[in-house]
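Below: one structure, written as C-alpha cells.
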Amino acid sequence: MNREKVIFAFFIVLALTLNFGFFIGEISNPHHHNEYELFAALVTSLICTVLKFGDRTHVGALMLATSLVADLQLVAAAVIWGYAVQIGGGLDEMILASIVSLSGGALMANILSVVLLVVETVMVRR
Amino acid sequence: MNDVIYILLRRLRAPLITLIVVYAVSVLGLVLIPGEDDQGQPWSMGFFHAFYFVSFMGSTIGFGEVPYAFTDAQRFWTLACIYATVIAWLYSIGMLLALLQEPAFGRLMRRRAFVTEVQRLREPFYLVCGYGVTGSLVVKKLAARDIRSVVLDLEQERIDAVEMDGLSIRVPRLCADAALPDVLHDAGLRHQCCIGVLAMTNDDQANLSIAIASKVLVPERMVISRTESDVTTANLDSFGTDLIVDPFRSYADYLVLTTHAPYTHLVYDWLLNPRHRHMATVHKRREGRWIICGYGRFGRALFSAFRQAGVELTLVDEGSPDLVLAGQHVRGIGTEAVTLEEAGVRDAVGIVAGTFHDADNLSIIMTARALNPRLITVVRQNLGENDLVFQHSRADFVMEPGRIIANRILAQIKTPLLPVFIARMLSEHDDVWAHVLLNRMSHVVGDRELDSWGIRLCEEQTPALLMLQQGQVLKLRTLMKDPRDRSCSLACLPLMHRRGDEVRLLPGELLELREGDEILFCGLSTALHQMEWTVNNYNLLQYLLTGQDHSHTLLSRLLRSSGER
C-alpha cells in the first residue's frame with residue numbers, strides 16, 4: 001500500500017462526495033444546501049488541484065484540468081453567494097438555484113476526475 | 001519552459017497545501033466562533049467577512065477588527081491564526097527561494113533560456129563546440145564579420161569568458177558536454193539556419209561524435225573538426241568531414257615549405273595568418289641541416305614531413321625513438337649547450353624547440369642562439385597564457401596549435417575559394433611566381449592585415465551586378481574601383497577566378513564577368529566593405545560603369561528622357 005496514493009485518492013473522492021452532498025436536494029430550497037459544505041468542498045477541491053501538480057503524464061494533465069474546472073465553478077458559486085448576502089438583496093431562490101447549478105457543474109468535473117483516477121489505476125494494474 | 005513549471009509546481013506542493021489548510025481552518029474558526037455587534041447583540045461572522053479578515057491578517061497588513069470589535073473568544077482564535085498564517089507564508093516563500101537558488105534549477109533555467117535563444121535565431125550561424133584558444137579566436141573573427149555563432153563548452157569558466165571577451169554581437173552559450181546528442185540538438189544542430197559545425201574541443205572522441213552526429217542529421221552541412229591523431233583523422237575523413245585540421249601536421253607542412261620555397265611560404269602565411277611575417281624574413285639561409293628537439297606528436301609530424309622533403313635532420317630527445325638512424329639522434333633535452341654542440345648546432349640552419357614544456361622550449365632557443373646567432377629558430381608554445389613571453393622571444397616562428405587551427409578554419413569559413421587557391425599555388429607554381437605575387441600583395445596592404453573574400457555572381461550575393469542594361473559589359477576592373485570616386489582603386493587584388501571547372505589564378509583586370517562566376521580577392525578589409533556597396537547597389541554600379549551619378553527613380557528617368565529629346 002502506497003501512503004501517497006491513499007492520500008491522493010482520499011482527497012479526490014472527498015472532493016466528489018462533499019460536492020455531491022452540497023448539490024443534492026431541491027435546487028432552490030435553502031434548507032437543503034449547507035454553506036459549510038460548500039466551503040469544505042471548495043477547500044478540498046483546491047487541495048486536490050495542488051496534489052495534481054507536477055504529474056507530466058497525459059492522464060495527469062487531464063486530471064489537473066478537471067480539477068481546475070471544479071475550482072473555477074466552486075469559486076464562482078462562493079463569490080455569488082458572498083455577493084448576494086453582503087451586497088445584493090440576500091439569498092433568494094434564483095440566486096441559490098444558480099449557486100447549486102454551478103456546484104452541479106463542478107460535480108461533473110469531479111466525477112470525471114474520479115473516473116480518470118479509476119482508469120489510471122486499472123491501466124497500471126498494481 | 002514546461003519542465004521548469006512542472007518542477008516548480010511539484011516542489012511547491014507541500015507549501016501550497018499548507019497555506020490552503022491554514023487559511024481554511026482560520027476562516028472556518030472565525031465563522032464558527034460567536035461574536036457580538038456594536039449593540040451587544042449576538043452576531044456571527046459570515047464566510048465573506050471571515051475570508052476578508054484572514055486575507056489581510058495572513059499577510060500581516062492588519063486593518064483592525066472588522067466589521068465589529070471582536071469578543072475575547074474571537075481574539076483568542078485570531079492570535080492562533082496570526083502565528084499559523086505567518087509561519088505558513090514563511091515556509092512557502094522560503095521553499096520558493098530555496099528552489100530558485102538551487103544550482104540544478106539554475107542550470108535548468110539557463111538551458112531553457114539557451115534553447116529559446118537558439119530557436120529564435122533567424123540568421124545563419126555556426127555551432128562552435130569548445131571555447132578554448134581556437135574557439136575564442138574563431139568566434140571573435142566571426143563576430144567581426146557579423147556572423148553569429150552558438151558556443152558550447154564543458155567548463156563554466158570558459159563560458160563566462162564569452163561574456164568577458166566583449167564580442168560585438170550576442171553569442172548564445174551553454175556549459176554542457178557537446179558530445180551528447182541532446183545538447184547538440186538544443187544548440188541548434190537541426191536548426192535550419194545552422195550553416196556549419198565546428199568541433200574544436202581538445203578531446204578527439206568528443207570531436208568525432210560531434211562530427212558524426214552532424215553528418216548523420218544534416219549530411220550536406222559543413223563540418224570542421226580538429227584532430228590530434230592519425231586514427232581520428234582517417235575516421236573523420238571516412239564519413240566526409242569537410243575540413244580536418246591536425247595542428248601538428250599542418251604546422252609541419254607549413255614549416256617544410258619555408259625550407260625550399262620561402263616566397264610561396266610567405267604568400268601562404270600572409271593569406272592565412274592575421275599577423276603576417278615581414279618580407280625581409282625571407283633572406284635567411286634555409287637549406288641545410290635542421291635540429292629537432294623533442295620527439296612528441298609535433299616532433300614526429302615534423303620529422304616525417306622534413307624527411308619527405310629530403311631535408312637533413314638531427315633529432316634531440318631523451319628517449320630512443322624508433323625509425324631514427326643512430327647517426328641522426330642525440331640523447332638529451334637540448335636545454336644544455338653540451339647536447340646542442342653534440343647535435344652540431346654550429347653548422348645547422350634551423351632549430352625546432354618542440355617539447356611539451358614552454359620553459360624548456362624557450363631555454364633551447366636561447367641557448368642555441370647564443371651558440372649560433374644565424375640560426376632559424378622555431379619554438380612551440382603550449383599554453384596560451386605564455387603569449388607575452390613568446391612574443392618577445394625573438395624566435396622566427398612561434399608554433400601555437402590553437403592559432404593554427406583557428407587560422408585554417410577561418411580561411412575555410414571566409415571563403416571556400418581560398419583553400420582551392422592555396423592548393424593550386426602549391427601544386428602549379430614556383431617560388432618566382434610567388435615572389436611576384438608577394439610584391440603585389442605588399443604593394444596593396446603594406447604591413448596591415450591581409451584579408452581575403454570571395455564573391456559569387458548570383459541573385460543573392462550580388463544583385464546589382466545582374467541588373468546590367470543592354471550592351472553593358474562587366475569587367476573585373478569595375479569591381480575593383482572605389483565606389484566613392486571611380487578614378488581611385490580599392491586596396492585589393494584578384495587572386496582567382498572560377499567559372500564552372502575552369503580555374504584561373506591571378507586573372508587580368510579586363511576579364512569579362514558572367515553570372516555564376518566566382519572571384520577570390522585579397523586586400524584590406526575596408527576594401528571589402530566598399531566592394532559590397534558596388535555589388536549590391538545598382539546606382540553605384542552604374543556610376544562606376546558610366547561615370548554618371550544619376551538617381552534612378554521613375555521621375556528622374558522621365559525628366560532625363562524628356563530633356564534628351
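The values are calculated or read from the model by the stated rules, or taken from the named source; none is laboratory data. Model, not experiment: these values are computed from the prediction. Here the Cβ is made from the backbone with ideal geometry for all residues, glycine too, and neighbour counts use every protein chain on show.
Observations on the structure shown:
- Qualifying residues in the range B:396-407 (those that are hydrophobic (A, V, I, L, M, F, W, C) and either touching a Phe, Trp or Tyr at 6+ places or on another chain (Cβ under 8 Å) or in a strand (DSSP E or B) (or both)) - the one farthest from B:N361 (Cα to Cα): B:I404
- Residues satisfying the stated conditions in the range B:441-465, i.e. assigned to a loop (DSSP other than H, G, I, E, B), in contact (Cβ under 8 Å) with a residue 12 or more places away in the chain and under 26 Å from the mean Cα position of the chain (by Cα): B:D447, B:R448, B:E449, B:L450, B:Q461
- Residue satisfying all of: in the range B:350-359; outside any strand (DSSP E or B) and touching a Leu at 6+ places or on another chain (Cβ under 7 Å); surrounded by the most Cβ atoms within 10 Å (Cβ to Cβ) among these: B:G354
- In the set (1) part of a helix (DSSP H, G or I); (2) modelled with pLDDT under 85; (3) surrounded by fewer than 21 Cβ atoms within 10 Å (Cβ to Cβ); (4) not basic (K, R), the condition left unmet by B:S393 is number (1).
- Candidates B:L236, B:L208, B:L255 - the one that is touching a helix residue (DSSP H, G or I) at 6+ places or on another chain (Cβ under 9 Å) and either over 20 Å from B:Y126 (Cβ atoms) or outside any helix (DSSP H, G or I) (or both): B:L255
- Against the numbered list (1) touching a strand residue (DSSP E or B) at 6+ places or on another chain (Cβ under 7 Å); (2) assigned to a helix (DSSP H, G or I), B:W43 comes up short only at (2).
- Residue among B:R286, B:R275, B:R249 that is at pLDDT below 85, charged (D, E, K, R) and part of a helix (DSSP H, G or I): B:R249
- Within the range B:76-83, none of the residues are surrounded by 13 or more Cβ atoms within 10 Å (Cβ to Cβ) and within 14 Å of chain A (Cβ to nearest Cβ).
- Residues of the range B:459-492 satisfying the condition of being among the hydroxyl-bearing types (S, T, Y) and in contact with a Leu (Cβ under 6 Å, 6 or more places away or on another chain): B:T478
- Lone unmet requirement of (1) touching a helix residue (DSSP H, G or I) at 6+ places or on another chain (Cβ under 8 Å); (2) farther than 30 Å from B:M200 by Cα for B:D396: (2)
- Filter result for B:G58 (away from chain A (no Cβ under 14 Å), under 23 Å from A:S45 (Cβ atoms) and at pLDDT below 90): yes
- Among the residues of the range A:41-58, none qualifies, meaning not one is polar (S, T, N, Q), part of a helix (DSSP H, G or I), closer than 26 Å to B:R11 by Cβ and in contact with a Cys (Cβ under 6 Å, 6 or more places away or on another chain).
Yes or no, residue by residue, for (1) touching a Ser or Thr at 6+ places or on another chain (Cβ under 7 Å); (2) touching a residue at least 40 places away in the same chain (Cβ under 8 Å):
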residue: B:M200; (1), (2): yes, yes
residue: B:V216; (1), (2): no, no
residue: B:L236; (1), (2): yes, no
residue: B:T264; (1), (2): no, yes
residue: B:R275; (1), (2): no, yes
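- Complete set of residues in the range B:1-12 that are part of a helix (DSSP H, G or I) and either more than 7 Å from chain A (Cβ to nearest Cβ) or modelled with pLDDT of 90 or more (or both): B:N2, B:D3, B:V4, B:I5, B:I7, B:L8, B:R11
- Test result for A:M94, on the phi < 0 side of the Ramachandran plot, surrounded by fewer than 18 Cβ atoms within 10 Å (Cβ to Cβ) and modelled with pLDDT of 95 or more: no
- The single condition among (1) touching a helix residue (DSSP H, G or I) at 6+ places or on another chain (Cβ under 6 Å); (2) more than 10 Å from every other protein chain (Cβ to nearest Cβ); (3) part of a helix (DSSP H, G or I); (4) surrounded by 15 or more Cβ atoms within 10 Å (Cβ to Cβ) that A:V75 does not satisfy is (1).
- Test for B:S452: is it buried (at least 21 other Cβ atoms within 10 Å of the Cβ), modelled with pLDDT of 85 or more and out of contact with any Pro (no Cβ under 6 Å at 6 or more places or on another chain): yes
- Qualifying position, being touching a residue at least 24 places away in the same chain (Cβ under 8 Å) and either in a helix (DSSP H, G or I) or polar (S, T, N, Q) (or both), among A:M63, A:M108: A:M63
- Among residues of the range B:376-390 being of a type in the set (D, E, K, R) and surrounded by fewer than 21 Cβ atoms within 10 Å (Cβ to Cβ), the one that is nearest to B:Y254 (Cα to Cα) is B:D387.
- Checked against the criteria, A:V114 counts as more than 14 Å from chain B (Cβ to nearest Cβ), assigned to a helix (DSSP H, G or I), surrounded by 14 or more Cβ atoms within 10 Å (Cβ to Cβ) and modelled with pLDDT of 90 or more.
- Where strands (runs of 3 or more DSSP E) fall entirely within the range B:471-565, those with at least 3 residues that are within 30 Å of B:L272 (Cβ to Cβ) are at B:492-499, B:502-505, B:518-523.
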